[in-house]
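**Student:** First, the structure itself, so that you have it in front of you.
The values are calculated or read from the model by the stated rules, or taken from the named source; none is laboratory data. Small disclaimer: the values here were computed from a predicted structure and weren't measured. All Cβ positions, glycine included, derive from the backbone under ideal geometry; neighbour counts span all protein chains shown.
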Amino acid sequence: MIDLRSDTVTKPDQMMRAAMAAAEVGDDVFGEDPTVSLLQNTIADRLQKEAALFVPSGVMCNQIALRVHTSPGDEVLLDAGSHIANYESGAAAALAGVQLKQIQSERGHPSVQAFNEGIRAGFYWEPRPRLICLENTHNKAGGVVYPLDEIEKIADLARDADLGMHLDGARLWNASIATGIPEAEYARHFDSVSVCMSKGLGAPVGSVLAGTDEFIQKAHRFRKMYGGGMRQAGILAAAALYALENNYTGLATDHEHAQSLAAVIGALETFSLRPGGVDTNIVIFDVIDGRSATEILEDLKEVGVLMVPFGPTTIRATTHRDVSSEDIRSASDLLRKLYDS
Ligand SMILES: Cc1ncc(COP(=O)(O)O)c(C=O)c1O
């Protein structure tokens, strides 16, 4: 099978498994796991933040961040297509007790004007705006990179309006590889940043939340409350460190693969690529010949290619380190064979 469903389907290779087996470990709930501490320090340095916390998942990172930044009844402004609003099982309402003000946008990236218009005037009968969350790269929009100059303007707006800034940077690594802008250059505009080690980097588990010492101290308490305190987690942190050191530059290959795939899909009359092109490793396209996404996905599965539905007539294909150039060539041939009229 050529599995293009997600960049989370990768499996640890022998070298990563060897790094995991050799990890020095301790009980991290007692703060005694040296490999977890090393990962946390490495990510804090990389993002130029005071501290960082190893967390089981990207969802938990985002939800801890919302909890630290807000009080129940507060309002969080974010893109209507964001992961937090769409794919976290309603956790923002259930756990932090906040309401989400969902701002519409073209490619997952509301402008500073859109956020400005979304900030309420401050009457006591209104929910209190407290936080802006951005997503870079943006999953639902198709791995789109948030332009840095727009982020700067939104951060200025947030400062003026006394709002916090959180970045869902599950794929911040991809944004940096695509633009050459270091992760810290993006991160400096945010009070908290979440990054995932288990997406394109290929670690089996784990995300890291970074911020000030004070923010991370509070986050530590909520991680425990949410059941995310782990014991000999150094085995997982070792995989994350290995992934950062060895798999980071390979993200560029995933981006090239996504471009090749998009070129093939874009040339077929059955499909229409989302406008704006492909920035990183995610290709989103619509089926425009009257068939449903499910019908197309079943045909593709039969010939050995997996993708996921992203709407009734929308499909997502994601490239990753376990998909080779040969796989991309085969998937392209199969797509042409099935859909070139
Ligand atoms: C943008 C974004 N944020 C957060 C997450 C959540 O990560 P996890 O699956 O580790 O909870 C994902 C997962 O795909 C994502 O795409």
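**Student:** What is the residue count in the range 315-327 for residues that are crowded, with 18+ Cβ neighbours inside 10 Å and either within 23 Å of the chain's Cα centre (by Cα) or without any contact (Cβ under 8 Å) to a residue 12 or more places away in the chain (or both)?
**Tutor:** 8
**Student:** Checking the conditions here, which among GLY229, GLY211 is crowded, with 23+ Cβ neighbours inside 10 Å and away from the ligand (no atom under 16 Å from the Cβ)? Even if it seems obvious, please write down each step before you answer.
**Tutor:** Values: GLY229 fails: crowded, with 23+ Cβ neighbours inside 10 Å.
Checking each option against the conditions leaves just GLY211.
**Student:** Next question, about the same structure. Is there a residue in the range 201-212 that is of a type outside the set (Lys, Arg), over 18 Å from the mean Cα position of the chain (by Cα) and assigned by TED's automatic domain parsing to the domain that holds LEU131?
**Tutor:** If we filter the range 201-212 for residues that are of a type outside the set (Lys, Arg), which is where we start, we get 201-212.
From the residues that got through so far, the ones that are over 18 Å from the mean Cα position of the chain (by Cα) too are 212.
Checking which are assigned by TED's automatic domain parsing to the domain that holds LEU131 leaves us with 212.
Yes; the residues of the range 201-212 include at least one that is of a type outside the set (Lys, Arg), over 18 Å from the mean Cα position of the chain (by Cα) and assigned by TED's automatic domain parsing to the domain that holds LEU131.
**Student:** State which residue is nearest to the chain's Cα centre (by Cα) when the search covers only the range 65-108 and only residues that are closer than 17 Å to ILE119 by Cβ and among the charged types (D, E, K, R).
**Tutor:** If we take residues in the range 65-108 being closer than 17 Å to ILE119 by Cβ and among the charged types (D, E, K, R), then ASP79 is nearest to the chain's Cα centre (by Cα).
**Student:** Another question, if that's okay. Of all strands (runs of 3 or more DSSP E) completely enclosed by the range 123-205, which ones contain at least 1 residues that are surrounded by fewer than 24 Cβ atoms within 10 Å (Cβ to Cβ) and either free of Cβ contacts under 8 Å to residues at least 60 places away in the same chain or within 11 Å of the ligand (Cβ to nearest atom) (or both)? Step through it out loud before you land on a result.
**Tutor:** Numbers: elements: 129-135, 164-169, 192-196.
Once the strands (runs of 3 or more DSSP E) in the range 123-205 are filtered for at least 1 residues that are surrounded by fewer than 24 Cβ atoms within 10 Å (Cβ to Cβ) and either free of Cβ contacts under 8 Å to residues at least 60 places away in the same chain or within 11 Å of the ligand (Cβ to nearest atom) (or both), what remains is 129-135, 164-169.
**Student:** Name, by its number, the condition in (1) more than 27 Å from ALA175 (Cβ to Cβ); (2) modelled with pLDDT of 95 or more that does not hold for LEU273.
**Tutor:** (1)
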